[in-house]
1. What residue, of 52, 65, 21, is on the phi < 0 side of the Ramachandran plot and at pLDDT below 95?
2. Do you know which residues across segment 71-94 are under 20 Å from residue 31 (Cβ atoms), in contact (Cβ under 8 Å) with a residue 12 or more places away in the chain and either in contact with a Pro (Cβ under 9 Å, 6 or more places away or on another chain) or not β-branched (Val, Ile, Thr) (or both)?
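The values are calculated or read from the model by the stated rules, or taken from the named source; none is laboratory data. Because the structure is predicted, anything quoted here is derived from the model rather than measured. Every residue, glycine as well, gets a Cβ built from its backbone with ideal geometry; the counts of neighbours run over all protein chains shown.
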Amino acid sequence: MEEVRWGIIGCGKVTEVKSGPALQKVEHSKLVAVMRRSTEKAEDYAKRHNVPKWYSDADKLINDPKVNAVYVATPPETHAKYAIQAMKAGKPVYVE
């Protein structure tokens, strides 16, 4: 993998100042998509952080061919669900 193209599931407060900006700053790493249940909040996050795509459906982010790694930043009770889904799609996963 020459470039890690991240998709974040659950772009909330933690990803605002910590992990989200960091994924953009690391060499060979780029944040290409975010997902939040609220389309409006996902779009707002994406626009403020210069992320090209936003979703309100985790399946769509996971299956986006531009996303080749998934960061799960949702409440703990949903970590396993999204991590397993992404791994089944053949994508590496980073869980908050």
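1. Details: 52 fails: at pLDDT below 95; 65 fails: at pLDDT below 95.
On inspection, the qualifying residue turns out to be 21.
2. Answer for segment 71-94, where residues must be under 20 Å from residue 31 (Cβ atoms), in contact (Cβ under 8 Å) with a residue 12 or more places away in the chain and either in contact with a Pro (Cβ under 9 Å, 6 or more places away or on another chain) or not β-branched (Val, Ile, Thr) (or both): 71, 73, 79, 82, 83, 85, 86, 89, 91, 92, 94.
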